[in-house]
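Below: one structure, written as structure tokens.
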Amino acid sequence: MSGLAKAFREKLERAATVGTLSVKADTLSGDGTRKWLFDIGGGSAIETVFIPEETRGTLCVSTQAGCAMECVFCSTGRQGFRRNLSTAEIIFQLWRAERVLRASGGARAGHRVITNVVLMGMGEPLLNLDNLLPALRLMLDDDAYGLARRRVTVSTSGIVPMMDRLAAECPVALAVSLHAAYDELRDRLMPVNRKYSLASLLAACRRYSARSPRDFITFEYVMLAGVNDGERDAAALIALLSDVPSKVNLIPFNPFERSGFSRSTSDVIKRFNDRLNVAGILTTTRRTRGDDIDAACGQLAGRVAFR
Ligand code: SAH
Ligand code: SF4
């Protein structure tokens with residue numbers, strides 16, 4: 001970098017390193033979904049998933065190695081927490097995926113391959129906000145990736161104070177993992193609820209709405225047979241979301257070994273979906289992508305990560 005001033009080069013030399021993460025695996029699913037496993041040292045690995053669709057390409061990025069939140073239906077949560085990813089490790093995933101996809105001819109002239117980024121890989125993004133914020137700013141910066149705010153989505157299990165911080169410091173689209181519409185059940189499925197109850201979570205969502213680049217908050221709801229997929233649950237969900245601008249995304253449960261849960265049948269999911277729509281809550285069911293390569297929601301990073 002001889003074009004830079006000498007003093008600045010010396011400063012860079014003291015403060016920065018140039019490096020890359022090695023690729024432990026690069027797998028392509030039958031449906032075009034692609035998953036990378038990156039070695040982050042110390043026996044840990046993280047995963048990044050690219051999901052191509054007709055009109056967009058979504059990159060699912062990890063923010064932590066493992067996760068401390070212990071949601072019982074999540075494979076990552078069952079494996080415990082290793083460490084936070086650095087800003088470099090977070091933005092690396094986008095840099096690397098963009099480069100590889102471009103080189104493999106995925107981009108038409110003037111079009112982006114990656115049009116959307118979702119922080120929905122391993123980890124709880126809002127528990128690594130200090131490192132995440134600079135990475136988000138790079139994603140949004142016109143001199144870097146230049147993505148629109150509403151095309152970058154942070155997904156959280158509901159860390160209330162950090163939702164307010166995200167709103168204040170870098171409001172991007174927000175997805176909230178709800179999965180239960182009453183405290184007693186959510187306490188069991190997601191231990192975070194014992195700290196931040198549904199009432200405080202929904203209040204934080206209403207505050208976030210005022211700053212959000214989208215006019216709704218996305219609520220994710222994993223469909224667990226016989227656990228949260230009944231008529232009582234649908235009614236509670238409708239009541240809960242009555243005063244928050246919302247969109248609901250139903251996720252058919254993705255099974256993993258010894259999970260103890262099973263996926264609701266497609267009839268039950270359809271009925272639940274219809275019931276919410278009729279009540280005026282825009283609801284869609286997520287198509288499961290990449291499950292043949294363990295790239296679907298909640299299936300990330302087991303095997304190699306914690307050997
Ligand atoms: N930790 C963040 C983001 C990553 S998870 C969060 O929880 O929001 C992305 C989504 O997949 C979350 O809604 C998560 O609850 C859901 N999920 C976890 N395990 C799953 C499983 N086995 N099947 C389907 N969805 C799952
Ligand atoms: Fe962590 Fe999200 Fe899994 Fe919960 S669902 S354990 S917050 S990765």
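Here are some residues: Asp130, Asp143, Asp187. Which one is more than 10 Å from ligand 1 (Cβ to nearest atom), in a loop (DSSP other than H, G, I, E, B) and surrounded by fewer than 23 Cβ atoms within 10 Å (Cβ to Cβ)?
Values: Asp130 fails: in a loop (DSSP other than H, G, I, E, B); Asp187 fails: in a loop (DSSP other than H, G, I, E, B).
Among Asp130, Asp143, Asp187, only Asp143 is more than 10 Å from ligand 1 (Cβ to nearest atom), in a loop (DSSP other than H, G, I, E, B) and surrounded by fewer than 23 Cβ atoms within 10 Å (Cβ to Cβ).
Restricting to segment 237-274, what's the tally of residues that are touching a Leu at 6+ places or on another chain (Cβ under 9 Å) and not acidic (Asp, Glu)? So that I can check it myself, show each step before the final result.
As a first pass, look at segment 237-274 and keep what is touching a Leu at 6+ places or on another chain (Cβ under 9 Å): 237-238, 240-241, 243-244, 246-248, 250, 253, 261-264, 269, 272-273.
Filter once more, keeping what is not acidic (Asp, Glu): 237-238, 240-241, 244, 246-248, 250, 253, 261-264, 269, 272-273.
Residues that pass the stated criteria total 17.
Taking Gly158 as the residue in question, decide whether it is under 20 Å from Leu85 (Cβ atoms), within 16 Å of ligand 1 (Cβ to nearest atom) and not basic (Lys, Arg). Before the answer, list the steps.
Details: under 20 Å from Leu85 (Cβ atoms): no; within 16 Å of ligand 1 (Cβ to nearest atom): yes; not basic (Lys, Arg): yes.
Judged against the criteria, Gly158 is not a match.
Answer yes or no: is there a residue in segment 241-253 that is assigned to a loop (DSSP other than H, G, I, E, B), within 16 Å of ligand 2 (Cβ to nearest atom), modelled with pLDDT of 90 or more and buried (at least 17 other Cβ atoms within 10 Å of the Cβ).
Residues of segment 241-253 that are assigned to a loop (DSSP other than H, G, I, E, B), as a first pass: 241-245, 253.
From the residues that got through so far, the ones that are within 16 Å of ligand 2 (Cβ to nearest atom) too are 253.
Cutting the leftovers down to modelled with pLDDT of 90 or more gives us 253.
Next, only the ones that are buried (at least 17 other Cβ atoms within 10 Å of the Cβ) stay: 253.
Taking every residue of segment 241-253 in turn, at least one turns out to be assigned to a loop (DSSP other than H, G, I, E, B), within 16 Å of ligand 2 (Cβ to nearest atom), modelled with pLDDT of 90 or more and buried (at least 17 other Cβ atoms within 10 Å of the Cβ).
State which residue is modelled with the lowest pLDDT when the search covers only segment 108-127 and only residues that are more than 16 Å from ligand 1 (Cβ to nearest atom) and surrounded by 19 or more Cβ atoms within 10 Å (Cβ to Cβ).
The initial filter retains those residues of segment 108-127 that are more than 16 Å from ligand 1 (Cβ to nearest atom), namely 108-115.
Narrowing further to those that are surrounded by 19 or more Cβ atoms within 10 Å (Cβ to Cβ): 113-114.
Working: Val113: 91, Ile114: 96.
Among those residues, the one meeting the criterion is Val113.
Which pairs have Cβ atoms under 7 Å, sit 6 or more apart or on different chains, and link a residue in segment 209-227 that is crowded, with 21+ Cβ neighbours inside 10 Å and at pLDDT 95 or above to one that is among the polar types (S, T, N, Q) and assigned to a loop (DSSP other than H, G, I, E, B)?
Met223/Ser264; Leu224/Ser264
Being part of a helix (DSSP H, G or I) and out of contact with any Gly (no Cβ under 7 Å at 6 or more places or on another chain) is the filter here; which residues of segment 194-207 pass it?
Initially, segment 194-207 is screened for residues part of a helix (DSSP H, G or I), giving 194, 198-207.
Within segment 194-207, Arg194, Leu198, Ala199, Ser200, Leu202, Ala203, Ala204, Cys205, Arg206, Arg207 meet the criteria.
The values are calculated or read from the model by the stated rules, or taken from the named source; none is laboratory data. Just so it is clear, the structure is predicted and the values come from calculations on it, not from any experiment. Quick reminder, even Gly has a Cβ in these numbers, built from the backbone with ideal geometry, and neighbours come from all protein chains shown.
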